[in-house]
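Computed from the coordinates by the stated procedures, all read-outs in this text should not be read as laboratory data. Quantities reported herein were computed from a predicted structural model and do not represent experimental measurements. Cβ placement follows ideal geometry from the backbone for every residue including glycine, while neighbour counts extend to all protein chains displayed.
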There are 2 protein chains.
Amino acid sequence: MTSIETANDETPLAIVCGAGTLPFTVAETVERSGRRVVIYALRGWADPKLAARYPHQWGGLGQFGRLCRFAREHGCHDVVFIGGVVRPSLWRVLPDWGSIRVLPRIIAAYRGGDDHLLKSLGAIFEEQGFRLVGAHEIAPEILVTEGVLGAVQPADCDRGDIARGLALLDAISPFDVGQAAVVAGNHVLAVEGAEGTDAMLARIAELRKIGRIPASRGTGVLVKAPKAGQDRRFDLPSIGPQTIAGIANAGLAGVAVVAGGTVIAEPDAIVMAANRAKVFIVGIPESGRKQ
Amino acid sequence: MTSIETANDETPLAIVCGAGTLPFTVAETVERSGRRVVIYALRGWADPKLAARYPHQWGGLGQFGRLCRFAREHGCHDVVFIGGVVRPSLWRVLPDWGSIRVLPRIIAAYRGGDDHLLKSLGAIFEEQGFRLVGAHEIAPEILVTEGVLGAVQPADCDRGDIARGLALLDAISPFDVGQAAVVAGNHVLAVEGAEGTDAMLARIAELRKIGRIPASRGTGVLVKAPKAGQDRRFDLPSIGPQTIAGIANAGLAGVAVVAGGTVIAEPDAIVMAANRAKVFIVGIPESGRKQ
């Protein structure tokens, strides 16, 4: 892998850009550090207005050849995947894959969970001479730090819910399922699956409306943690402004995430929104995951 | 507990009757065996038309004193809780509890999960001289047996999904969360929380509609299992006609449950519905849970 040795900050960073503002928070941070950025904007996911601010090209996640050509044209060695992209159907990815040679491996990758899929795609990509980096490596500022962000503190009962949520996420980690759960009054209300965090929070709000949440408003915690052993170059759990809105709407007290293992898009806007909604945000030290 | 020794089939069985047809399937089965049945119909849950066929009284789940009086008036020793009842809000249960003496224990029970709550309520009830029995003890015919019910057989890939689902439910068992999950192509799509099985299946149908389920239609399994160490007198997982409709609607291949640990309401109607919908139903031996 000579690519890894020759990769350096002189070459522009290629961002494969999914949904949300996070890819652009990273792009800004990297540009501020003096490094150039080019955007491979995923059709149907990336924000066109924001993508337009950077040298960019539109394409599909499955257009492997197109992505490689784009990155090579701009002299990129380092490639980073950022932003929400829902696991695509196999038939949607397959037709475009650059080389028939990798087909059997892609199909095999699909048999595992998300994490397995992403790792396999990563390995195939590296064989093409690129280095896959994690958003947290190139812009560590986007990671949630330890302790309370903002003005609202978690109560003692919230600490109990957090510990239970982290233990639950730990237990389901080998199953490569979701990375989030909602716990209230020591009672697990929801476990995230294919629907994602926002839909899970909307479900809690709905259940609360029809009187099926026993815990009173203003109790309960959204807990998010990366899977144990997860390849952190992909799909780290993240919180954004819509997470805070979802938490407030669901009547929860706050959100707990693993410090250093969770990205926060637009941290200033999020902390302001959390303060306004009287919702806490706390980063739990990685060592505190198993209590 | 002299009540346990004196309890026998000569005394009528008191059924505390929640939602669905299952309580009446049990009532019928018990009456066929020659034992009388009286129904304590939970307001807001029990089916009024079906309840009217039996000696019955309406009341709330929290009207503990009323329930005890009703059972004593009819000379009942054995009481069984059957049918869907969503965990009620504490404030909804409390005002009616017969004795202020049990209040602190009820509140303590609420701090745990559902299983903890039910066990505590059961213990308090037994102190009043009743015997709490499980629906499976008095009408073992309502339990799903080992093997395939109906005409549709699970495929090999379904067997893999079933094993993964059972292992997942086993892993989350200590957290007293849901008793069901959906697995497709070895990928966990949903874990049941406070929303219940029907809502979880509706979610899968919804996600499929918007293209967020990678597995193709006709693959994937609903897996249900009682929690490890669960007090089986309460809240055994159950499947009913609406479960089959939900599975078909979600585009899954079938449902796997733990044989002897799952109740089936209206078995004939369910098997017919499953055959029509080309959905399999399989009872997994308890010994096959951990593979």
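Numerical summary
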item	result
Residue-by-residue Karplus 3J(HN,Hα) for the range B:190-206, coefficients 6.51, -1.76, 1.60, Hz, glycine and proline x	7, 10, 6, x, 5, 6, x, 5, 4, 5, 5, 5, 4, 5, 4, 4, 5
Exam field: A:P285 pseudo-label spacings to other copies (7 Å along Cα-Cβ), nanometres	5.0
For A:G34, inter-copy label distances in nm, listed shortest first [label point 7 Å out on the Cα-Cβ vector]	9.5
Dipole moment magnitude, nearest 20 debye, the range B:164-269 about Cα centre, only Lys, Arg, Asp, Glu C-beta charged	380 debye
The range B:143-288 - convex hull of the alpha-carbon atoms, volume per residue in Å³	95 Å³
Separation in nanometres of the label points that stand 7 Å from Cα toward Cβ, at B:E146 and B:A228	2.1 nm
Listed pairs A:K278/B:K227; B:K224/B:K278; B:K209/B:K278 exceeding 28 Å between Cα atoms	A:K278/B:K227
For A:G75, inter-copy label distances in nm, listed shortest first [label point 7 Å out on the Cα-Cβ vector]	9.8
